[in-house]
Each structure stands twice: as structure tokens, then as C-alpha cells.
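Written out below as C-alpha cells is the structure these notes cover.
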Amino acid sequence: MVQWKLAFLISGAGYGINILVLIIISVIIWIVSLMIQKKEKAQ
Amino acid sequence: MDNWTFGITMIVVGMGGTLITLWILSLIMSILKKAFPFKKEEEK
Amino acid sequence: MFDAISGGIQGLIAGFANLHWSNPIMIGVGCLLLYLGIKKDFEPLLLVPIGFGAILVNIPLAGLMEEEGFLRIIYDAGIMTELFPLLIFVGIGAMTDFGPLLENPKIFLLGAAGQFGIFLTLALALALGFPQKDAVAIGIIGACDGPTAIYVTSKYAPHLLGAVSVAAYSYMSLVPVIQPPIMKLMTSEEERKINMGIVKKSVSKTTKLLFPLVVTVIGGLIAPRGLPLLGTIMLGNLMKECGVVGRLTKAAENEIPNIVTLLLGISIGATMDGRIFLKPQTLIVLGLGFLAICLDTACGVLFGKVMKVLTGGKINPLIGAAGISAYPMSARVVQREGQKYNPKNYLLMHAMGANTGGQVGSVMAAAVMLSVLKGMGVI
Amino acid sequence: MFGLYESALGQMTLGNLAMLLIGGVLIYLGIVKKMEPILLVPIGFGIFMVNLPIAGIMTYTSEGLPALGGVKEIAEGKIGILNLLYYYGLETELIPLLIFLGVGTLMDFSPTIARPISLVFGATAQLGVFVVFLIAHLSGMFSINESACIGIIGGSDGPPTVYLTVALAPVLLGPITMVAYSYMALVPILQPPVIRLLTTKKERMIMMKPQIRKVSKLELILFPIIVFIVASLLVPKSAPLVGMLMFGNLLRVSGVTERLARAGGILNDILILLLGISVGSLMPAQVFFNPRTLLIIGLAVLAFIFSTVGGLLGAKFINLFLKEKINPIIGAAGVSAIPMAARVAQIEGQKANPKNYLLMHALGPNMAGAIGTSLVAGIFMGMLR
């Protein structure tokens, strides 16, 4: 039998979470690399 | 057995055993060296 | 609908929610190991996988070490069966050249003396109230030989595996730091100056070929319990010396140890779950391990002095320090120290002899230990 | 005396013959057309192996799954050698995870680090996964778990697909893996039309400076560690996949563990071989021939297309906020078929503007796609288990 609600929920939430997580990661990476670049500029 | 005996035995037998074994080995090896002396022509 | 969504959000934060206080610390420890391995070059081949394994296993809910978790499967298949350490031993055997040892078999005794730290530490651990099998595992750190330590520990005190193997490997790479002060402390200026002359090549192929066989048979007969270790290392060496199985030797030197080290490292790291690892006990283990290696060095040097007397001053006590099986670091240390006091002095070859002797010694020590334990009915 | 001799000929069914044909086609595609030969050839041969009756290389349970069992059962002749492979390699997830480790040792994330936003394209390019997941389930042909495994084909990344399918719908493992790997080679054919459809000539002509920023060693080393810790704290169930990928990559970039990185490569070769053969062996006629298999083949195309769409739209959306516009084509490379997708982007870019070299930029989302797909696998595992 088809579980409409669950299916829509999973696809919606899943896609959302997936994007969310990768945005978080990318921001962190971005900040870290900025810091590192600054540090290397300093030297 | 109590830890005391255990510890002592380990130290005495353990150390002794290791030492003796390696000593025997060293003896055998020196005998072997005499038995199969080094020959120059092995240098290749 | 909303409750469903909130459920989804909870799914997202579940990781954090289930974070045991010890997990972040262990993740930190893992990163520290990675740092030591990558930046400080301490045994990177092991510390990097171990460090990462430690991080892996401290992520909650991931279930890598649960039943059916895949690290658990690798662990059960490779470490509980002692397969990994033994396979690595084949590689070590294939990479070790016992030539310098055979030049002067007496050196063998230094290899024995270099293991006394094991037994002293064992006694100490007992005194500190560790159960007997744990004490054995802690003492074995003094073998300064990763595979041996892992082999023994995984057999008799698996819950200490993480601590013991980390200690064994990191101290092994710390040898250049740990040894010199002790060596200086225990030897007099002129002792350190003793010149042992150069090593002349005096070993025939036949002897080199017979060495692994003899060691296996004699060692095996005296201490059958350790035959797996002794046998594998000697098999590797036989393959190297006989020179007719190049393909096997190559595999034993590269592919096999590489792959095994990879899996070994990561599954060792996986035993470092914060809940189990973060105990005062662990710190004590690390401390005792450190002590063990210091004692090894001390006993080695002392025995070196004894041999100096017996041989009428022909032996430089420094090479006693190379009696531990941290190969080839400690041999290099000896060479460097020797040069400091007598620039014309080349101890390297002699030290290498003691060092390789130490490798056989550590295995023999473990083997003897196991046999004695068996004899006393402890295991 | 011929009574003593047992021939398989009598027992060949039409289905078996058809399967032998399919196996032959796969091998042909692999060898002649060079489509993922490393996988299609073993898969094809695996199909041969299980479609010769009473060869006893692989035995199945009633619902078409390999009969489980260890060395003992083999000795008793209850199961075949391929059952053993399936049991120890796939059932335990060892093969996909260790392959992923090997993949990690081959990946260079510096383009991703140089432009972290690429990670987002890697995420939006998972659109196809969820769209097809919906379609598959709403079609009423597949249970919710099975639909998830069909959807993830859209991530066009092998190991996560295998990993998830083993966990959620092992009965579909054969068809899904075969389709996933054979379609990866079709990316160069499937993507260009979509790209042209969704982007204006002007967008496709956007110049990006040929080379990317120099990424320092420290960044390279921190990247795998950060990604792994963050990702697996947020999506714990993705820890095995992301962990192995990042671990492999760490071995590569640390600069002190070449030996281990090489070992990862060797493992990879061996395990791809085993994966191929055991996957092929999951497709005996009785399992393969049902409408669902055909449907999967169709849905997979959709998955790839929608993933490309997701990547493109993601890039166009991000563009709204950037002053220095990026070329949306590289978003399409978020489909993690490495490196085909990136090459497609390069070629399309050149078509629109011969002076444009998008390869390095496209590799960023391309690598990120692998992370994205692993996350999706973890998310599904978390929600459906």
C-alpha cells in the first residue's frame, strides 16, 4: 500500500536536510579556509 | 595464586627464560658461523 | 504534519542529543593523534588510521562498532583472530636484515636485556592492583613492538587494546626523545667513548639462511605459545634471505603490510570509544608504558656495562640501549650519542645488531611470558 | 552409462537464455563501447554464472535472495561460492564501504575547497533522488524502502547506492546496481540536452577564470576531518559512508601515509571485481524478469535528469546572490558521476564559449556530489530504519 504522507514528508524533509547540512559544511569550510589564508598572508 | 608469587615468578622465570633462550640462540649461531665460514666469492 | 516535521528536526539533532560527554573529548584525542602523525611524523602509518578510527567510533548512533557494524566485523575478523598482527610480522621479518646481529652473536644478550622492562613493569602494574592478565598486557608495552603488544593484549586483555597499542606505537616513535637522557645518566664519559671498530663482513649466506630456521625451532620448542609470532617473523626473513621468492618477499614488504596496517589501524582506533577509554586506568596504563620503555633502556645499558666488563672493555654500553626492538630508531639514537662523545666512533652497525636482537628478543620475551603464564595456569 | 552424466541443457529456461543474452550485452558494452568496463564485464559474467542451471554457484531463497550461510554450508553443498561472497562482502556492507575508502584515496577535493559553495550544488543535485523516490512509491509498484533505493540511483554514485540497497531492499540489489553503474556511463548523453534546455546561451557563456585558487596543505588536511565530524553529527547514519570516503582522502592528503593510500587503491581494484561478480550473480532469470526491473531502468533515466535539473537550478539560484556570477553549467556537475559530469560541463562550456575552461570549477560540485549522495543515503537509512 502507498504511504502518501510519509513519502512526501521524507522527500521534502530529506532534500531539505541534505541541502541544509551541506550549506552548514560549506560555510564552516569557507570560514576555516578564510582564517587559514589570513594566517598564511600574515607570514 | 596471589599477585606476589605471580609477580616474582614472572620476573625470575620470565627474565631468566628470555635471557637463556637468546643465549642458547647466540651460542648456536656462533657455532653455525664456524660451521659455514664466510667465503669471499659469495660477494657478487 | 507539524509533529512529523518536528520529528524530522529531532532526527537531525539526534547526533548531538546522544553525544556522551566523553565523545567530544575522544574526538579531540583522535585529532591529536592525527596531528602527531601528520605534522610531527610519529609513526603516521599507524597513528593516522588509529586517530581516524577513534573519531569514527565516537560519533553516536553511527553504530560502527555495534554487532554487524562493519568496523566490528573487521575487528573480529582481523584482530580477535590475531590475523593482522601476524601478517604484519611477516612483513617485518621480510624487511629486517639480521646480518649485523650474526656478525657478533653475543649481542643477542643485549636484545634480551632490552626486554626486562616488560617484566618489571608487569610487577609494578600488579603492585598498583591491576588484575594479572591486564598487568601482562601493560607490561608488554615494554616490548616496544606494536604487533607483539596487540597480539598479546587482544588475547588476554582486549579492553585495554586501544590504550596499549596507542602507547606502544607512540612511545616507539618517541624513542629518540626518551632514550638519550637515560643513556647519558647511566654511562660514564669514557664508557661512551669506547670504539668498537668497524664491522667486517663475516657471515655466510648459509648462516643467514639457517638463522630463521634455527630460531623458529629452538625458540618454538622453548616457548611454544609464542610460535605464531616467532614463526611469522622468521618466515618473512627466510623468504628475504633465500632470495628465490622475490614475488612473495615483495608482497610481504608492500601490499600485505600496507593493506593490513590500514585495516589494523582503523579497527584499533575503533576500540577507543569514550565510554570505555576515558578512565583514570587508561592514564595509568599510558604512564606505565612510558616507564616500561625507560626501564628497557636502563636494563639494556646496565647489561651493556656487564658485557663490557666481561669482554674486557670491548663493548660500548651505549649499544645496550638499542636492545629494545624499536627498529631502527634506537640504533640511530645510539649512533648519534656515540658520535657526540667520540666523532670517530661508528656504532651504527653494532647497534643495528643489538636492535635486531631486540626484535627477536621482544618476541621471545612475549613467547616466554605466555608459556610461563600457561605453565602457572593463569591462562 | 550416460545416466551417470548430468547435463544442464535440459533445464535451460527461456528466461535463462534471455539472461545470458543480457549478460552478453553488458560484456559487449563494457569491452567494445568502453562503458564502465571495470564493472560491466564482471557483472555480465556474474549473470552468466547464475543462469546456467544446476551449476550450484549460487543458491537462492524462495523470495529470490541469496541463501545465507558460511563455510560449513558450502561444505554441505547447501550454498555456492558466490553465496559466500554475498554473505561476507555485501550482507556485511564491507565491500561498498571499503571501495568508498579506495575512492577517497583517489579524490582531490581542492576545487571544492577553493569554492565551498560547490558543496551546495552537490546537495541540490540530489533532487532526482527524491523526485524519483516519490514517483516510484506513488506508482504503487514499490514499497517505500525499495523506492528509496531506486531514487538514490540519481545520485549516480556506486558505493552509496549499493550500501543503501543492501540495507533497505536487498532483493533489488542486482537490477539497481547494474542500472546505476551502466547509466553512469550515459551521463554524457543524458545531461547536455537538459543543460541546454534550462540555461540561456548567455548564462552558458559566463566566463570563469581558467585556474582555481591554490589550496594550502593545511586546508586539504582539515577538509576531510571537518566534513566527516559535522556530517556524521548531523546525519549519524551517514557516518560509515562519509567516514570511509573522508578517511581515504585523509590518507591521500596527509602526505605521510602514501603506503596506506596505495593500499586503498589496491583494495579498491580487488573489491570492485568482487562487487561486480556478486552483483551479477544476483540476477537469475526468475528474479530479473518482472515488470519492476524494467520500471527501474526507466526511473533511473528520470533520476539522472532531475538530478541535473537540481544542480542547474541550484547554481542559477545561488547566482542571484553573487556579484561575480558563476556559470550554471558547473551546477550540473553536482551529479557525482566522477569525472564524466565534470567533463560534460567542460565540453558544454566550450561549445557556448570556446575560451571558457570550466573543468576545474566543475570538479568542485562533482566531488561534492559524492558527499551529497552519502548524506542522502544516511538520511534515508535514518528515516526508514
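Charges on Cβ only, +1 for Lys and Arg, -1 for Asp and Glu, centred on the Cα centroid of chain B; of B:Phe36, B:Leu22, B:Ile11, which one is farthest towards the dipole's positive end?
So the residue we want is B:Phe36.
Return the average number of partner chain Cβ atoms within 10 angstrom of each residue Cβ along peptide C:32-38.
On the way: counts 0, 0, 5, 1, 0, 4, 9.
For peptide C:32-38, the averaged partner shielding equals 3.
Which of the trypsin sites (Lys or Arg not before Pro) found in the stretch D:283-352 are in a DSSP loop and have at most 13 neighbouring Cβ atoms, other than their own, within 10 Å? Write out the running numbers ahead of the final one.
On the way: sites: D:Arg292, D:Lys316, D:Lys323, D:Lys325, D:Arg343, D:Lys351; in loops: D:Lys323, D:Lys325.
Answer by residue number: D:Lys323.
Summing -39500 (n - 2.57) over the DSSP H runs of n ≥ 4 in chain D and dividing by its residue number, what mean residue ellipticity at 222 nm do you reach, to the nearest 500 deg cm²/dmol?
Computed ellipticity for chain D at 222 nm equals -21000 deg cm²/dmol.
Tell me the net charge near D:Asn290. Cut-off is 15 Å between Cβ atoms, D:Asn290 excluded, with +1 for each Lys or Arg and -1 for each Asp or Glu.
Numbers: positive: D:Arg292; negative: D:Glu63, D:Glu146.
Counting the neighbours of D:Asn290, the net charge comes to -1.
Putting +1 on Lys and Arg Cβ atoms and -1 on Asp and Glu Cβ atoms, find which of D:Gln211, D:Leu274, D:Ala239 reaches farthest to the positive end of the dipole of the stretch D:210-280.
With unit charges placed on the Cβ atoms, the residue in question is D:Gln211.
Peptide C:135-147: average number of partner chain Cβ atoms within 10 Å per residue?
Details: counts 4, 3, 0, 0, 2, 0, 0, 0, 0, 0, 0, 0, 0.
Partner-chain Cβ atoms within 10 Å, mean over residues of C:135-147: 1.
Given B:Lys33/C:Lys308; C:Lys155/C:Lys250; D:Lys34/D:Lys201; A:Lys38/D:Lys323; C:Lys279/C:Lys374, which pairs have Cα atoms separated by over 28 Å?
On the way: B:Lys33/C:Lys308 23 Å; C:Lys155/C:Lys250 30 Å; D:Lys34/D:Lys201 32 Å; A:Lys38/D:Lys323 22 Å; C:Lys279/C:Lys374 30 Å.
In this structure, C:Lys155/C:Lys250; D:Lys34/D:Lys201; C:Lys279/C:Lys374 exceed 28 Å between Cα atoms.
Cα-Cα over 30 Å: which of B:Lys39/C:Lys106; C:Lys305/C:Lys340; B:Lys34/C:Lys184; C:Lys39/C:Lys200; C:Lys40/D:Lys214; D:Lys33/D:Lys214? Provide the component values of the computation, followed by the final result.
Numbers: B:Lys39/C:Lys106 22 Å; C:Lys305/C:Lys340 19 Å; B:Lys34/C:Lys184 37 Å; C:Lys39/C:Lys200 39 Å; C:Lys40/D:Lys214 24 Å; D:Lys33/D:Lys214 37 Å.
B:Lys34/C:Lys184; C:Lys39/C:Lys200; D:Lys33/D:Lys214, as the Cα separations exceed 30 Å there.
Over the stretch C:255-346, calculate the relative contact order: mean separation of alpha carbon pairs under 8 Å at least 6 apart, over the residue count, as a percent.
Numbers: 54 pairs, mean separation 15.4, N = 92.
RCO, the stretch C:255-346: 17 percent.
Going 7 Å from the Cα of D:Ser62 toward and past its Cβ, which residues in the stretch D:74-103 have a backbone nitrogen under 20 Å from where you end up?
Correct set: D:78-79.
Please give the residues of the stretch D:305-338, grouped as numeric ranges, whose backbone N is less than 14 Å from a label point set 7 Å along the Cα-to-Cβ vector of D:Arg213.
From the stretch D:305-338, the list is D:324.
Where the centroid of each part is defined by its Cα atoms, how far is the stretch C:303-379 from the stretch D:158-173 in Å?
Each part's Cα centre sits 54 Å from the other's.
If you keep only loop residues by DSSP, which trypsin sites (Lys or Arg not before Pro) in the stretch C:247-348 have at most 10 other Cβ atoms within 10 Å of their Cβ? Don't jump to the answer; show the numbers that get you there.
Values: sites: C:Arg247, C:Lys250, C:Arg275, C:Lys305, C:Lys308, C:Lys314, C:Arg332, C:Arg336, C:Lys340, C:Lys344; in loops: C:Lys314, C:Lys344.
Those satisfying the criteria are C:Lys344.
In the neighborhood of D:Pro111, defined by Cβ-to-Cβ distances under 14 Å, what is the net charge if each Lys or Arg adds +1 and each Asp or Glu adds -1? If you can, show how the numbers build up before the last one.
Details: positive: D:Arg115, D:Lys209, D:Arg213, D:Lys214, D:Arg343; negative: D:Asp108, D:Glu219.
For residues surrounding D:Pro111, the net value is +3.
Name the longest site-free stretch of chain D, where the excluded sites are chymotrypsin sites (Phe, Trp or Tyr not before Pro) in a DSSP loop with no more than 12 other beta-carbon atoms within 10 Å. Walk me through the intermediate numbers first.
Numbers: sites that count: D:Tyr5, D:Phe321.
My reading of the result: D:6-320 is the longest stretch.
For chain C, what is the mean residue ellipticity at 222 nm derived from helices alone (per DSSP H run of n ≥ 4: -39500 (n - 2.57); sum divided by total residues; nearest 500 deg cm²/dmol)?
Details: 20 runs with 276 residues, N = 379.
Here the helix-only value at 222 nm equals -23500 deg cm²/dmol.
Would you mind finding the longest exposed-site-free stretch of chain D, with exposed GluC sites (Glu not before Pro) meaning DSSP loop and at most 11 other Cβ atoms within 10 Å? Mind dumping the intermediate values first?
Values: sites that count: D:Glu6, D:Glu63, D:Glu76, D:Glu324.
Longest stretch, sites excluded: D:77-323.
For D:116-126, what's the mean count of beta carbons from other chains sitting within 10 Å of each residue's beta carbon? Display every interim value, and only then the final one.
Working: counts 12, 6, 3, 11, 6, 2, 5, 11, 4, 0, 5.
Partner Cβ neighbours, averaged per residue: 6.
Using a ≥ b ≥ c from the Cα gyration tensor of the stretch C:259-311 (square roots of the eigenvalues), is it rounded, prolate or oblate, where a/c under 1.5 gives rounded and otherwise the larger of a/b and b/c decides, a/b for prolate?
Details: a/c = 9.03, a/b = 2.04, b/c = 4.42.
Judged from the Cα gyration tensor, the stretch C:259-311 comes out oblate (a/c at least 1.5, b/c at or above a/b).
Below 14 Å, Cα to Cα, which aspartates and glutamates can C:Lys240 reach? Residues fewer than 8 away in the same chain don't count.
Output for C:Lys240: C:Asp97, C:Glu253.
Rounded, prolate or oblate, given the Cα gyration tensor of chain B, with a/c below 1.5 counting as rounded? Don't skip to the answer; put the middle values down first.
Working: a/c = 9.06, a/b = 4.72, b/c = 1.92.
Prolate, since a/c reaches 1.5 and a/b exceeds b/c.
From the square roots a ≥ b ≥ c of the eigenvalues of the alpha-carbon gyration tensor of the stretch C:109-149, which class results: rounded (a/c under 1.5), prolate (a/b over b/c), or oblate?
Working: a/c = 3.49, a/b = 1.60, b/c = 2.18.
Oblate.
The stretch D:159-264: which trypsin sites (Lys or Arg not before Pro) are DSSP loop and have at most 12 other beta-carbon atoms within 10 angstrom?
Hits after loop and neighbour filter: D:Lys214.
Assign unit charges at the C-beta atoms only (+1 for Lys and Arg, -1 for Asp and Glu), then state the dipole size of the stretch C:18-152 relative to its Cα centre in Debye, rounded to the nearest 20. Walk me through the numbers on the way to the answer.
Values: 5 positive and 11 negative charges, 71 e Å.
Dipole magnitude for the stretch C:18-152 comes out near 340 debye.
For chain D, what's the relative contact order in percent, using C-alpha pairs closer than 8 Å and at least 6 residues apart?
Values: 734 pairs, mean separation 110.6, N = 385.
29 percent.
Express the relative contact order of the stretch D:156-241 as a whole percentage, based on alpha carbon pairs under 8 Å and six or more residues apart in sequence.
Values: 22 pairs, mean separation 18.4, N = 86.
Relative contact order of the stretch D:156-241: 21 percent.
Which of D:Tyr60, D:Met49, D:Ile31 sits closest to the plus end of the dipole of the stretch D:1-134, meaning its Cα is farthest towards the positive end, when Lys and Arg get +1 and Asp and Glu get -1 on the C-beta?
So the residue furthest toward the plus end is D:Ile31.
All of the numbers you see were taken from the coordinates with simple rules; none came from a lab. Since we're looking at a predicted model, the values are computed, not measured. Note that each Cβ is placed from the backbone with ideal geometry, even for glycine, and that neighbours are counted across all protein chains shown.
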